[in-house]
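Student: Mind having a look at this structure? Questions to follow.
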Amino acid sequence: MTTNQIGLEKKDMSAVIEKLNDLLSSYHIFYINVRGYHWNVKGEHFFSLHQQFEELYTNLQVQIDEIAERVLTLGGTPLHAYSDFAQHSSLKEDKNVFAGTDCVRGVVSGLQTLIEEQRKVSAVAEEAEDQGTADLVDDYVQEQEKLIWMYNAFLG
């Protein structure tokens, strides 16, 4: 059996790479949604939400890069075209959202979807004995669970 550059069996990594590319696609769509919330939010909480959404999308940029680099580390090719992202994402575009509470609801929904998808990635990675990928997405889940709690606290 041949192995990839980090000693994992190549045939076992195809499912992990596929799930990571799906996750990468979902992250891109979520990133675009959060940028839209950042640009378009209106209302009494504009200043705090505008700043919060900027922090979120900045963190998403880092995570997108880490996911793509993990695909490369496993010997795959990360998706990199918007048409691929739209086809493989578990999230849909959220257009023309302006009210602060609607933006926050969109963030919570997006994070919930990412968490669900990341738990699936983790399970496939664990099955392939790919602890690096499992740890990566498990760390994201832990961060995002806290964000959901905080955003829901904002919503009351």
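Student: Are any residues in segment 105-147 surrounded by fewer than 16 Cβ atoms within 10 Å (Cβ to Cβ) and over 13 Å from the mean Cα position of the chain (by Cα), and if so, which ones?
Tutor: Residues satisfying the conditions are A123, E126, E127, E129, Q131, G132, D135, K146.
Yes/no matrix, rows are residues, columns are (1) closer than 25 Å to M150 by Cα; (2) of a type in the set (G, A, S):
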| position | (1), (2) |
| --- | --- |
| I6 | no, no |
| N33 | yes, no |
| E69 | no, no |
| A81 | no, yes |
| F98 | yes, no |
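Student: State all residues of segment 82-113 that are part of a helix (DSSP H, G or I), of a type in the set (V, I, T) and within 13 Å of R35 (Cα to Cα); if no residue qualifies, say none.
Tutor: Here is the first cut: in segment 82-113, the ones part of a helix (DSSP H, G or I) are 82-88, 100-113.
Among the residues that remain, those that are also of a type in the set (V, I, T) are: 101, 104, 107-108, 113.
Within segment 82-113, V104, V107 qualify.
Student: Out of the residues in segment 36-68 that are closer than 16 Å to V108 by Cβ and not in a helix (DSSP H, G or I), which is nearest to the chain's Cα centre (by Cα)?
Tutor: V41
Student: Among the numbered criteria (1) in contact (Cβ under 8 Å) with a residue 24 or more places away in the chain; (2) in a loop (DSSP other than H, G, I, E, B), which single criterion is violated by T77?
Tutor: (1)
Student: Right, something else. What residue, among those in segment 8-21 that are within 16 Å of the chain's Cα centre (by Cα) and not polar (S, T, N, Q), is surrounded by the fewest Cβ atoms within 10 Å (Cβ to Cβ)? Walk me through how you get there before you give the answer.
Tutor: Filtering segment 8-21 down to residues within 16 Å of the chain's Cα centre (by Cα) leaves 16-21.
Still in the list and also not polar (S, T, N, Q): 16-20.
Details: V16: 25, I17: 24, E18: 15, K19: 22, L20: 27.
Among those that are within 16 Å of the chain's Cα centre (by Cα) and not polar (S, T, N, Q), it is E18.
Student: Taking only pairs six or more apart or across chains, which ones have beta-carbon atoms under 7 Å, a first residue in segment 27-40 that is without any contact (Cβ under 8 Å) to a residue 40 or more places away in the chain and closer than 18 Å to Y82 by Cβ, and a second residue that is open to solvent by less than 50 Å² (accessible area, probe 1.4 Å) and among the aromatic types (F, W, Y)?
Tutor: Y31/Y57; R35/Y57
Student: Select from segment 69-104 the residues that are under 11 Å from the mean Cα position of the chain (by Cα) and open to solvent by less than 50 Å² (accessible area, probe 1.4 Å) and write down the one among them that is nearest to N152 (Cα to Cα).
Tutor: Pass one, segment 69-104, residues under 11 Å from the mean Cα position of the chain (by Cα): 89-91.
Now narrow it down to the ones that are open to solvent by less than 50 Å² (accessible area, probe 1.4 Å): 89, 91.
Values: S89: 24, L91: 20 Å.
Top of the filtered list is L91.
Student: Could you tell me whether any residue of segment 22-35 is over 27 Å from F154 (Cα atoms), open to solvent by 30 Å² or more (accessible area, probe 1.4 Å) and part of a helix (DSSP H, G or I)?
Tutor: yes
The values are calculated or read from the model by the stated rules, or taken from the named source; none is laboratory data. Keep in mind it's a predicted model, so treat the numbers as computed, not measured. Cβ sites come from the backbone with ideal geometry, for glycine too, and all protein chains shown count toward neighbours. For accessibility, only protein heavy atoms count, side chains too; no ligands or nucleic acids. Shrake-Rupley method; radii C 1.70, N 1.55, O 1.52, S 1.80 Å.
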